[in-house]
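Here the structure comes first, spelled out in structure tokens, and everything after it is commentary.
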């Protein structure tokens, strides 16, 4: 419990106007987009500098007070929920683009910068930051670093970790350190940048981020391929990956997901298993790859193949995939969506999605399956009424079974959403004895365990 004297000390550090114990603020920082039950912090603090963060962490470390960094609040695994109370560090006011280094294709940002806002600025200079999370309109760069986020373009462009060059980090004892550098590559010492990327705020607080960027492609095009059977669609996914299709995104939606998109977005897509493909590069290159995709999909029984090469046609076609998660949510008001985010070897993706569907049918549950098929990353959304205890328990059990099956196939519990609170019970099963090595690193950097407690590691 944060005491009145601690709150007074926090006010002295950041100003009274940047510290709140109001119910509305505590409630607003008690829940994310996951099914995890809300947990209120004791206090919300809005820092404005690395120095302020340092002073806050020194105070919290002395008192053994939990500290949870908070970004956009769009996490799907309970990652930022303060399950042990304490201080929420609301980072979203630290939202400056510090420096755009056009000649080096780099940008320096504070953690509260929103992904779409950053790319809006960079686009004017012919550059962009590629990972493209589904919640790009609210996801902050700090949150993306914390979860090693990615999205639809990971098939070609990779994940957040691939773009982080340098981090300014405040350690739990208040020490300020810089890891990484401005060079595009280095073999000098341990890769400490990668240690902090994906650590979900359990090792320290990132106060500044240097990213490498990509040049905007000359042309972007899209295609939608419809199949009468899910197995044919997943077979096409495998062949697209196996035979070198140069797509920037390779996405799959099951029939239920397409139906939700049609309902909520006013589209008229065929309600059948569907692949969404994106291509970028030169005009000729995009056209050639779309024709190659058409051939691969036809070989696997594609029944309809639509192409969009103009900006207007592309936006209309691709908007359906972007709105999948929200369309499902809007289709079930008052219900809880229990998210899955497994990732398996590409050869096992078809088996993984078939298992999820069969399981939901056996348990009489409503399940939506979609995701970044080119990476083997499957998202599932199981719908349940929380007040229906039996249904809610079945939904949680089914999600656990999907995760378990992914591990049996050589996959991981978390492709891009992080572990958070919701998936921590699987960490021993996935990592075995190396989980203790992770604990040792955590204990070395955070011996008092103040940073985002209750996350990643099993309770």
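The values are calculated or read from the model by the stated rules, or taken from the named source; none is laboratory data. Everything numeric in this text was worked out from a predicted model, so none of it was measured. We place every Cβ from the backbone using ideal geometry, glycine too, and count neighbours over all the protein chains shown.
Here is how the numbers come out for the structure above:
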| quantity | calculated |
| --- | --- |
| For residue 2: the one exception among (1) within 30 Å of residue 385 (Cα to Cα); (2) assigned to a loop (DSSP other than H, G, I, E, B) | (1) |
| Filtered residues of the range 358-387 (kept if closer than 24 Å to residue 75 by Cα and surrounded by fewer than 18 Cβ atoms within 10 Å (Cβ to Cβ)) | 366, 385, 386, 387 |
| Single match in 211, 203, 245, 269 (criterion: in a loop (DSSP other than H, G, I, E, B), buried (at least 18 other Cβ atoms within 10 Å of the Cβ) and not assigned by TED's automatic domain parsing to the domain that holds residue 310) | 203 |
| Members of the range 163-193 that are in contact (Cβ under 8 Å) with a residue 12 or more places away in the chain, out of contact with any strand residue (DSSP E or B) (no Cβ under 7 Å at 6 or more places or on another chain) and surrounded by fewer than 16 Cβ atoms within 10 Å (Cβ to Cβ) | 175, 183 |
| Enumeration of residues in the range 100-131 that are more than 20 Å from residue 206 (Cβ to Cβ), free of Cβ contacts under 8 Å to residues at least 60 places away in the same chain and part of a loop (DSSP other than H, G, I, E, B) | 124, 125 |
| Residues of the range 412-431 that turn out to be within 30 Å of residue 331 (Cα to Cα) and either in contact with a strand residue (DSSP E or B) (Cβ under 7 Å, 6 or more places away or on another chain) or modelled with pLDDT under 95 (or both), as a count | 6 |
| Residue match in the range 293-307 (condition: modelled with pLDDT under 95 and surrounded by 16 or more Cβ atoms within 10 Å (Cβ to Cβ)) | yes |
| Lone qualifier among 274, 310 - being under 22 Å from residue 216 (Cα atoms) and not assigned by TED's automatic domain parsing to the domain that holds residue 378 | 310 |
| Hits in the range 47-81 - residues which are part of a loop (DSSP other than H, G, I, E, B) and more than 23 Å from the chain's Cα centre (by Cα) | 47, 48, 49, 64, 65, 66 |
| Some residue of the range 425-444 being in contact (Cβ under 8 Å) with a residue 60 or more places away in the chain, under 30 Å from residue 63 (Cα atoms) and surrounded by fewer than 23 Cβ atoms within 10 Å (Cβ to Cβ) | yes |
| Residue within the range 381-395 that is outside the structural domain of residue 248 (by TED's automatic domain parsing), under 30 Å from residue 247 (Cβ atoms) and touching a helix residue (DSSP H, G or I) at 6+ places or on another chain (Cβ under 6 Å) present | yes |
| Residue in the range 375-389 that is assigned to a helix (DSSP H, G or I) and within 23 Å of the chain's Cα centre (by Cα) present | yes |
| Any hit, the range 403-422, residues being in contact with a helix residue (DSSP H, G or I) (Cβ under 6 Å, 6 or more places away or on another chain), in a strand (DSSP E or B) and either surrounded by fewer than 22 Cβ atoms within 10 Å (Cβ to Cβ) or not assigned by TED's automatic domain parsing to the domain that holds residue 151 (or both) | no |
| Qualifying positions in the range 132-151 - touching a helix residue (DSSP H, G or I) at 6+ places or on another chain (Cβ under 7 Å) and part of a loop (DSSP other than H, G, I, E, B) | 133, 134, 136, 137, 139, 148, 149, 150 |
| Qualifying residue in the range 114-126 (condition: modelled with pLDDT of 95 or more, crowded, with 19+ Cβ neighbours inside 10 Å and within 28 Å of residue 42 (Cα to Cα)) | yes |
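Quick grid of which residues meet (1) surrounded by fewer than 21 Cβ atoms within 10 Å (Cβ to Cβ); (2) within 20 Å of residue 338 (Cα to Cα); (3) outside the structural domain of residue 384 (by TED's automatic domain parsing); (4) in contact (Cβ under 8 Å) with a residue 40 or more places away in the chain:
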position: 13; (1), (2), (3), (4): yes, no, yes, yes
position: 21; (1), (2), (3), (4): yes, no, yes, no
position: 27; (1), (2), (3), (4): yes, no, yes, no
position: 32; (1), (2), (3), (4): no, yes, yes, yes
position: 38; (1), (2), (3), (4): yes, yes, yes, yes
position: 46; (1), (2), (3), (4): no, no, yes, yes
position: 49; (1), (2), (3), (4): yes, no, yes, yes
position: 52; (1), (2), (3), (4): no, no, yes, no
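Condition check ((1) out of contact with any strand residue (DSSP E or B) (no Cβ under 7 Å at 6 or more places or on another chain); (2) closer than 30 Å to residue 321 by Cβ) across all residues:
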residue	(1), (2)
369	no, yes
380	no, yes
398	no, yes
401	yes, yes
433	yes, no
445	yes, no
